[in-house]
Amino acid sequence: MSRQPEGPPPPPVVQRLRVRYAKRGRLRFTSHRDFARAFERALRRAGVPMAYSAGFSPHPKVSYAGAAPTGVASEAEYLEIALAERREPGDVRAALDAALPDGLDIVEVVEAEPPALADRIDTSLWRVEIAGVAADEVRRPVAAFLAADSVAVDKLTKDGHRTVDARPPVLLARVSEPDVPGAGPPCAIIELVVRHVTPTVRPDDVLTAMRQVGALSTPVPPMVTRLAQGRLGATPPAETEPIKLLDPLRDAAAPAVPQ
């Protein structure tokens, strides 16, 4: 007969909250594991009445959704927490934001409603800034990538090296100028809309593919920021249209984009 933990079972979940947070500045180098540890400390400091798992090693019920890679900034990371007592979402946001270091910032907290968070996210919008390179210099590599049917790239995963096709998940790739053209050294900006697939195709994989098919030059490591996550709706945006993803915190999940 298996042993059972002593003491009463943990209190039931009475409220679920969804959280949007950002990784900014130097804190973009925080790994997902480091963020998870910092977030659990912040929950304790903020006095959030978390619901816990049962068993011999109870842990707070926190569910994460597709964390950005280490070194990548983000304005749109998401997680969900389960509470044993009800709290006002705005109060939880303020308390958690005060308990986290600057650069790991809680942007918004709302009540969680169906459908599940994972069903509200299938696409990311990325901004890639390539310092020292003019926009005109990256238009040809981007066009060559978009013209290709398939671009195989090698990437290191937790299971070792794998070859992935970086082309199909990219729904849109376009070049733009800095917000204030001519205000400083050249800096090309690439906007990417990338579907979430397995194995994951990330902006660094797309840049590797552009180097292969179009000789993309990146004299310094590009600055990558995730601007949004969500669902696109029925169709991908056109080349000239603004890019708008459904907000996972409040928009209902849309039908998946046909493959």
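Between Ala51, Pro219, Ser31, the Cα set farthest toward the positive side of the dipole of the chain (charges on each charged residue's Cβ, about the Cα centre) is that of Ala51. If I fit a long axis through the Cα atoms of helix 32-46 and take the longest principal axis of the Cα atoms of the chain, what angle between them do I get, 0 to 90°, rounded to 10? Value to nearest ten degrees: 40. Among Arg87, Arg195, Arg24, the largest mean-square fluctuation in a Gaussian network model of the chain, built with springs joining Cα atoms closer than 10 Å, belongs to Arg87.
Relative to the longest principal axis of the Cα atoms of the chain, helix 203-214 runs at roughly 10 degrees. Helix 89-99 and the longest principal axis of the Cα set of the chain meet at an angle near 80°.
Taken along the Cα-to-beta-carbon direction at a fixed 7 Å, the label points for Ala134 and Lys155 span 3.2 nm. Taking Ala84, Ala112, Ala148 in turn, the Gaussian network model of the chain (Cα-Cα springs below 10 Å) assigns the largest fluctuation to Ala148. Which one is right for this structure if Cα Rg over 2.2 N^0.38 Å is calculated from it: [x] 0.97; [y] 1.09; [z] 1.13? Correct label is [z].
His196 contributes about 80 Å² of solvent-accessible surface, heavy atoms of the protein only, 1.4 Å probe. Of the whole protein surface, Thr30 contributes about 20 Å² of accessible area at a 1.4 Å probe radius. Sorting His59, His161 by solvent-accessible area of protein heavy atoms yields His161, His59, largest first, with a 1.4 Å probe. Each residue of the stretch 100-117 is assigned a 3J(HN,Hα), and the resulting list reads 9, x, 4, x, 10, 10, 7, 8, 7, 9, 9, 5, 7, 10, x, x, 4, 4 Hz, derived from the Karplus form 6.51 cos²θ - 1.76 cosθ + 1.60 (θ = phi - 60°), x at Gly and Pro. Phi angles across the stretch 167-173 convert, under the Karplus curve 6.51 cos²θ - 1.76 cosθ + 1.60 with θ = phi - 60°, into 3J(HN,Hα) values of 7, x, x, 7, 7, 7, 9 Hz, Gly and Pro given as x.
The values are calculated or read from the model by the stated rules, or taken from the named source; none is laboratory data. As the structure is a prediction and not an experimental result, all values here were calculated from the model. Please note: Cβ atoms are built from the backbone with ideal geometry, for glycine as well, and neighbour counts cover all protein chains shown. All accessible areas refer to the heavy atoms of the entire protein, side chains included, with ligands and DNA or RNA removed. Shrake-Rupley method; radii C 1.70, N 1.55, O 1.52, S 1.80 Å.
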